[in-house]
Structures are given as C-alpha cells and as structure tokens.
Amino acid sequence: MSETCEISFPIEGDRFEDAGKVSVEVKKILKTFDIPNDILRRAAIATYESEINVISYAIRGTVNLRVTDDRILIDVEDIGPGISDIEQAMQQGYSTANDRIREMGFGAGMGLFNIKNCSDTFEILSEEWKGTHLKIVINR
Amino acid sequence: MTLREIADLLDATVLMGKNHLDIEVQTAFAADLMSDVLAFAKPGSIMITGLTNPQIVRIASIVDNSAILLVRGKIPPEDTLHLAEELEIPVLSTRYILFETSGRLYANGIVGCVRKIEGPESVVPL
C-alpha cells in the first residue's frame, strides 16, 4: 500500500450496535502503514471516542481519515444538535448522556478530554442545531 | 501469569481463544465503564468487566488489551463472541465477583496498568 491515503466512513446516529466498527476499520487501515503501535492506538482511541459521540448525539456523521507522509488527520463531521458550551463539554466528567448510552458503558464525560489527550493538535468547531466538526491531527 | 494460569486460578471458562492461552499478562484494568477503559487502559493489560456487549471487544482491540475477563459468571451474546473470534481477542468468564477476581489476581502478581489517575483533585459529574 502507498504511504498516503484518504478514505471516508459514514456513521448513522443512534446505531449503538455499530459503535466501534469505523474505529476498528481505521486501525486496520493504519496498520498497513509504517506507524508505531502507540500512535496507531492513539488514532484508534480518538476515532472511537468521536464515533460514539456521533452515534450518541448526532443524526449522522462522517469520519474522514487522511494519512500523509508525516501526519494522520481524522476529521469527524456530524449533523446534529451541536455543543452549546465547548469549554464545559471538554471537562472530565461532564456529560449529557442518557440512560441508554450509560447502560452500554459510555457517557462518563471522558470523550472529548480523551480525544484531546490522544491528539497532537485538536480543534473543535460546533454550531448549535447544525453540527460539530472535530479536527484531530496525530503526528506519525 | 499466562491466560491459562489465570483461567485455572479463577476457575474460569475460556469462551474464545483456546489457542492463545500462552499469552503472558502482567497488568489489568477493571471497569464496567468503557469510557474509562478507553481513557486509562494500557496496551497488554487484561480487561476485567461485567459488560458483555460487542463494544467490549472493539474497545479491547483498539486499546490493545491482551484479553477480556468477564466476572460474575457473565456469558456474552453470540455476536460478542463472533467479534472476539474475528478480532482475535481471548474471552474468559469467571463466577468470581469483580472484587474477588481483582484481589486473587493481585495476590498472584498482576498489578493495575495504572496505579492512580493523575489530574484534577476530583472528577465530579456536573
């Protein structure tokens, strides 16, 4: 496989049974590159957290994975309610998850914080009643 | 300890991965909160949990857990086991409760993959 690639994955909101499918696929693709394990792992975790957020809160979304010579770029865009207070949402422990999300073992309020931890640069853009766009960059 | 030794110690049933019982395990992370597994578990650790949905397998694959150890006698649904087979994650099930399971493993040399969570004084859900 070439050393760069670009690929998109759709995510449907509310399909909890699918949670993690995209992330497992992303990790599989990244494994075909010459990327150290801890970096693969960070990219997969950031993708998983983003994926569960789209499923939990949005109507639908897309994960766009791009691998360049020196970086892994993961863009996650959704159509959904957006985030009214990003600073608050970034705090550990803050969550608006419902019981259904919590029964699955999620909704602890660690997601965005964990994504930030896994990224080299992390940007979050959100507009209420429109959607959210996460821009995750991890150096190879 | 190897997975085989863990299975013997906890009288656990090997539900998936009978060919992977020689895997060596040194650390563990126990939680029923997958958010916390994603945030805190380290590569190579064994995931100890009472959850049985397919997500536990995908998460184990993503954080590089060596295996999943189900407690309280939980038996996962078929789709969880199919996924475990596909992603090559061994799954064991013990009747011991989480506390007993963790204590018995600790007494036999398995330690937490992290000791404490660093950061703010407390994480209070708002």
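The values are calculated or read from the model by the stated rules, or taken from the named source; none is laboratory data. Predicted, not measured: the structure shown is a model, and the values here were computed from it. Cβ sites come from the backbone with ideal geometry, for glycine too, and all protein chains shown count toward neighbours.
A few points about this structure:
- Of everything listed in (1) closer than 26 Å to residue A:30 by Cα; (2) touching a residue at least 60 places away in the same chain (Cβ under 8 Å), the single unmet condition for residue A:104 is (1).
- Residue in segment B:76-92 that is away from chain A (no Cβ under 13 Å) and small (Gly, Ala, Ser) present: no
- In the set A:29, A:7, only one residue is modelled with pLDDT of 95 or more and in a helix (DSSP H, G or I); that residue is A:29.
For (1) surrounded by 18 or more Cβ atoms within 10 Å (Cβ to Cβ); (2) over 16 Å from residue B:81 (Cβ atoms), each residue gets a yes or a no:
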| site | (1), (2) |
| --- | --- |
| B:6 | yes, yes |
| B:10 | yes, yes |
| B:17 | yes, no |
| B:26 | no, yes |
| B:31 | yes, yes |
| B:45 | yes, yes |
| B:56 | yes, no |
| B:59 | yes, no |
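- Candidates are the residues of segment A:49-80 that are part of a helix (DSSP H, G or I) and out of contact with any helix residue (DSSP H, G or I) (no Cβ under 8 Å at 6 or more places or on another chain); the one that is surrounded by the most Cβ atoms within 10 Å (Cβ to Cβ) is A:54.
- Filter pass, residue A:83 being part of a loop (DSSP other than H, G, I, E, B) and away from chain B (no Cβ under 11 Å): yes
- Single residue of segment B:35-70 satisfying the filter (free of Cβ contacts under 8 Å to residues at least 40 places away in the same chain, farther than 24 Å from residue A:29 by Cβ and part of a loop (DSSP other than H, G, I, E, B)) that is farthest from the other protein chains (Cβ to nearest Cβ): B:52
- Every condition in (1) surrounded by 20 or more Cβ atoms within 10 Å (Cβ to Cβ); (2) more than 30 Å from residue B:77 (Cβ to Cβ); (3) within 11 Å of chain B (Cβ to nearest Cβ) is met by residue A:104 except one, and the failing one is (2).
- Which listed residue is facing chain B (nearest Cβ under 10 Å), farther than 17 Å from residue A:132 by Cα and touching a residue at least 60 places away in the same chain (Cβ under 8 Å), from A:46, A:19: A:19
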